[in-house]
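Below: the structure, in structure tokens.
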Amino acid sequence: MTTELHILAWTLVLALIQVLLPSVVRSRETGLGYNGGPRDQAGPPVGKLTGRLMRAQSNLFETLPVFAIAILIAHMVGREGTLTLYGAWLYIVARVVYVPLYAAGIPFLRSLVWMVSLFGIILVLVPII
């Protein structure tokens, strides 16, 4: 298995962590009874941290399909190389750094890190276009 595919697999682990984080924080806000129940009634408003984690998760899910498909295409057509490797590393590192920046509410640095992850996707796409 190539490094790019390993990075893709670790990105999926990150996605699962980002699914769990807002749920854990929300359970602290509402209690396990509400969050584990059917939630037929509206709960208390979502807290700042939960909201930020939910938005960071949504942001990952906007770019993850493009990244995953690009990695898989590069692998399938045998175009993996320096650009795809650097692109994959840029993407995963930026996505990991992005989560605490978003959770902490750091505005402009967070956007810069998001652009780095987008640049990583572009690097993966270059050899296959």
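Coordinate-derived values only; no laboratory data. Bear in mind the structure is a predicted one, so any value in this text is a computation, not a measurement. Here Cβ is always computed from backbone atoms with ideal geometry, including for glycine, and neighbour counts include all displayed protein chains.
Some observations on this one:
- Condition met for V66 (without any contact (Cβ under 8 Å) to a residue 40 or more places away in the chain, surrounded by 13 or more Cβ atoms within 10 Å (Cβ to Cβ), of a type outside the set (S, T, N, Q) and closer than 30 Å to I129 by Cα): no
- Flag for A74 being of a type in the set (A, V, I, L, M, F, W, C), surrounded by 15 or more Cβ atoms within 10 Å (Cβ to Cβ) and in contact (Cβ under 8 Å) with a residue 60 or more places away in the chain: yes
- Selection within the stretch 90-109 - of a type in the set (V, I, T) and assigned to a helix (DSSP H, G or I): I92, V93, V96, V97, V99
- Selection count where residues are under 30 Å from P107 (Cα atoms), in a helix (DSSP H, G or I), more than 11 Å from the chain's Cα centre (by Cα) and not charged (D, E, K, R), scope the stretch 9-53: 13
- Flag for F67 being farther than 16 Å from Y102 by Cβ and either hydroxyl-bearing (S, T, Y) or part of a helix (DSSP H, G or I) (or both): yes
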